[in-house]
1. Summing +1 for each Lys or Arg and -1 for each Asp or Glu, what net charge is found among the other residues whose Cβ lies under 12 Å from the Cβ of A:Asp325?
2. Relative contact order (percent) for chain B, with alpha-carbon contacts under 8 angstrom and 6 or more residues of separation?
3. What's the buried accessible area, both sides, between B and A using a 1.4 Å probe, rounded to 100 Å²?
4. Helix-only estimate, please: 222 nm mean residue ellipticity of the protein assembly as shown, summing -39500 (n - 2.57) across DSSP H runs of length 4 or more and dividing by its residues, to the nearest 500.
5. Could you give the size of the charge dipole of segment A:129-229 about its Cα centre, using +1 on the Cβ of each K and R and -1 on the Cβ of each D and E, expressed in debye and rounded to the nearest 20?
6. Where does the longest stretch of chain B lie that holds no trypsin sites (Lys or Arg not before Pro) found in a DSSP loop with 14 or fewer other Cβ atoms within 10 Å?
7. Can you divide the C-alpha Rg of segment B:160-209 by 2.2 N^0.38 Å and report the result to two decimal places?
8. Rounded to the nearest 20 debye, what is the charge dipole size of segment A:58-163 about its Cα centre when +1 sits on each Lys and Arg Cβ and -1 on each Asp and Glu Cβ?
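The values are calculated or read from the model by the stated rules, or taken from the named source; none is laboratory data. Just so we're clear, the structure is a prediction, and the values are computed from it rather than from any experiment. Cβ placement follows ideal geometry from the backbone for every residue including glycine, while neighbour counts extend to all protein chains displayed. Heavy atoms of the whole protein, side chains included, go into the accessibility calculation; ligands, DNA and RNA do not. Shrake-Rupley method; radii C 1.70, N 1.55, O 1.52, S 1.80 Å.
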Amino acid sequence: MMLSVYLVGVGSFMGLILLLTGLILVANKYLADYGECKIRINDAEPLVVEGGSSLLQSLYNNKIFIPSACGGQATCGECRVRVLQGGGEILPTETPFFTRAEVRAGMRLACQVKVRSDVAIEIPEEYLSVQQFQTEVISARKLTYDMAEVRFKLIDPDTIEARPGQYIQIKVPDEESPDGFVFRAYSISSKPSETHEVEVVVRQIPGGKGSTYVHHMKVADKVEITGPYGKFKLNEDPECHLLLVGGGAGMAPMKNLIHHCMETTPQRPVELYFGARSTEDIFYLEEFEALAKEHANFKVVYALSDLKEDSKWKGPTGFIHLHVDKLYHPPEKRQVFLCGPPPMINAVITVLEAKGLAEDEIFYDKF
Amino acid sequence: MSHDVNPLVILVASILTNNILLVYFLGMCSFVAVSKKIETAAGLGAAVIFVLTATTPINWLLNHYFLEDNALAWLVGPHLASKVHLGIFALVFFIAVIAGFVQIVELVVERFSPALYYALGIFLPLITVNCAILGGSLFMVEWKFNFMQSIAYGFGAGAGWALAILVMAGLRKRMRISLVPRGLEGMGITMIVTGVMAMAFMAFNGIVPV
């Protein structure tokens with residue numbers, strides 16, 4: 001008799017659970033199904049997507065690559081878009097990334113906007129030319145103990161049209177991310193004229209997902225990248241003086257700019273100031289010294305701030321902004337590009353402002 | 001309370017004189033946590049009303065046709081039914097129904113109000129373990145309601161809970177500009193105000209004959 005109690009009890013409980021599960025499945029079918037939605041981008045012909053996923057994901061599926069470093073978790077604040085219609089209210093997860101004026105203008109994080117109805121968005125035109133590339137590593141070498149240079153050959157598509165100073169994103173496999181990958185941004189260090197290859201220079205960050213991935217790349221590895229991104233516009237006037245100051249992996253975009261200038265406008269005055277700690281941190285110096293011998297208009301200064309007693313270093317010492325202060329005399333036509341660690345950039349900005357440069361004349365990238 | 005009480009009387013009683021929060025103090029956890037803003041309080045209140053209104057009558061049906069003594073007579077005949085007592089499963093059955101309905105509420109809220117969905121956060125799925133919901137079903141069994149009465153009671157208990165959290169949210173909005181002693185800020189003053197509200201609700205005693 002006891003047995004029948006259990007049997008009837010378990011049986012009816014199972015029946016109940018099945019019934020409820022069925023109910024939830026039906027509700028899910030009707031509630032989580034948003035049907036087809038249209039995404040209109042910058043007044044162009046709308047894209048038709050399956051509703052229900054994030055705007056970032058929907059755009060990604062349609063080969064529109066919005067920069068995003070965190071994999072859709074609203075922590076990097078990179079995927080900023082302006083939603084003109086149909087995105088719903090801004091979420092508490094997004095508000096820390098925007099000023100009040102931006103919120104009023106409809107700025108949102110694409111990873112937090114769910115496509116539930118037809119939406120209209122505005123994104124910088126340059127995002128539309130961003131492509132996804134299948135690539136293969138053709139060279140990978142260590143420049144210093146913590147700096148690696150990796151060169152990718154573009155396979156599909158095989159050509160990239162990047163402006164000088166732009167960057168790419170590398171798709172990094174990541175088990176912790178819900179999508180299984182995250183993107184990490186790296187400046188292009190190869191010349192823009194090398195349209196079939198992309199080179200990056202990456203510093204190893206202890207525990208860093210992207211830098212660890214890049215540092216372990218071997219020749220023939222398959223890697224996916226997206227790009228080009230970046231707002232920097234080089235002034236192409238051959239008489240315009242170009243000042244480059246940086247440190248560490250900030251070398252990547254500067255190498256790109258230097259080679260581009262020497263190739264397209266060989267007479268253009270260019271000055272490179274590179275700050276490092278000790279002789280172990282020096283790379284590309286010989287390459288640039290050779291270039292400086294060929295081009296009288298190219299000047300290169302490497303300065304070491306943390307020199308060891310027994311070092312053979314004969315060059316300048318001390319922080320790099322002091323050398324900029326001493327040696328740089330702003331000409332009439334000038335452009336400035338800074339790329340390096342924030343304290344270095346801040347010190348250089350202070351020096352340049354004291355020399356009469358306006359804030360909007362200085363382009364910088366702190367990391 | 002018994003079978004002859006008009007469901008409308010039960011409705012009024014469960015909102016005012018027998019308020020599930022202010023008289024029985026059930027569902028305090030999310031009441032304190034989500035009563036900071038009127039909009040979120042209204043959202044959670046509506047969710048609780050829905051879940052209580054849906055689950056109380058369903059649990060009544062389950063209780064009536066499966067769990068009560070002799071309830072299984074329609075299925076296995078009176079002889080066997082008198083020997084099988086499924087009452088021991090009552091809690092499991094009730095909570096399964098509640099969990100199922102909370103899932104549906106979650107889907108609905110996420111679809112129609114993502115902002116509310118994020119504002120409620122963990123307290124939305126936690127309605128499952130909101131004691132007011134299970135309390136509603138257990139009281140309904142305890143007081144031997146009939147089906148119509150259980151509908152009225154489910155809705156009334158939910159509305160009473162929503163009323164209490166809304167009043168609390170309104171008070172807390174005003175409280176932000178009043179001088180609260182440092183040690184009582186937040187949780188402390190909320191508990192005291194809840195007590196005062198409960199006493200105020202005692203004034204409703206006697207307006208309905210239950």
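1. So the surrounding residues net to +1.
2. On the way: 274 pairs, mean separation 89.9, N = 210.
It comes to 43 percent, rounded to a whole number.
3. The summed interface area works out to 2200 Å².
4. -12500 deg cm²/dmol
5. Working: 12 positive and 15 negative charges, 73 e Å.
Dipole of segment A:129-229, to the nearest 20 debye: 360 debye.
6. On the way: sites that count: B:Lys37, B:Lys83, B:Lys144, B:Arg176.
Longest gap between qualifying sites, sites excluded: B:84-143.
7. Details: Rg = 12.8 Å, N = 50, 2.2 N^0.38 = 9.7 Å.
Expressed relative to 2.2 N^0.38 Å, the Cα Rg reads 1.31.
8. 220 debye
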